[in-house]
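Q: My questions will all concern the structure given below.
Each value in this text was obtained by applying a stated rule to the coordinates, not by laboratory testing. All values reported here derive from a predicted model rather than from experimental measurement. Neighbour counts run over all protein chains shown; Cβ positions are idealised from the backbone, glycine included.
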Amino acid sequence: MPKAAECWNMIGIGNKIHELLQEANDFTTLLISLFDRLHDQLKLQTTMTLWSLWKRRNTKLWESIDTTPLAIVTRAHDVL
C-alpha cells in the first residue's frame, strides 16, 4: 500500500478518499469535496498531513531519507 494511503487510513479518511477518487475528475475537485465532508479539526489534520507528505517527498528526493507513515502522521500532529 502506498505511504499516502497508509497515512490517510491512520487519520481516518482513507475510505472517504477512496470514494471520492471514484467521483472526482481532478485533484482540486477531490480536495474540495473532501474538505466539504470533514469537520474543522480533521480539515486541519488533513492539511498538515498533506504538508508532511510533501516534506517526506522532498526529504526522500534530496536527502535519500525515507520516512514511515507513522512518522509522517506524527510530524503532522506535532506541528499542528
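Q: Could you pull out every one of the aspartates and glutamates with an alpha carbon less than 12 Å from that of K16, ignoring same-chain neighbours closer than 8 positions?
A: Reachable aspartates and glutamates: D36.
Q: Then there's this: Using +1 at the Cβ of each Lys and Arg and -1 at the Cβ of each Asp and Glu in the chain, identify which of I65, L34, I11 lies farthest towards the dipole's positive end.
A: Of the candidates, I65 comes out farthest on the positive side.
Q: Could I ask something else about it? Sort H39, H77 so that the residue with the fewest other Cβ atoms within 10 Å of its own Cβ comes first and the one with the most comes last.
A: Fewest-to-most ranking of H39, H77: H39, H77.
Q: Now for a separate question. Among all the lysines, which ones have a C-alpha under 18 Å from K55's C-alpha, if same-chain residues fewer than 8 places away are not counted?
A: Excluding near neighbours in sequence, the set is K3.
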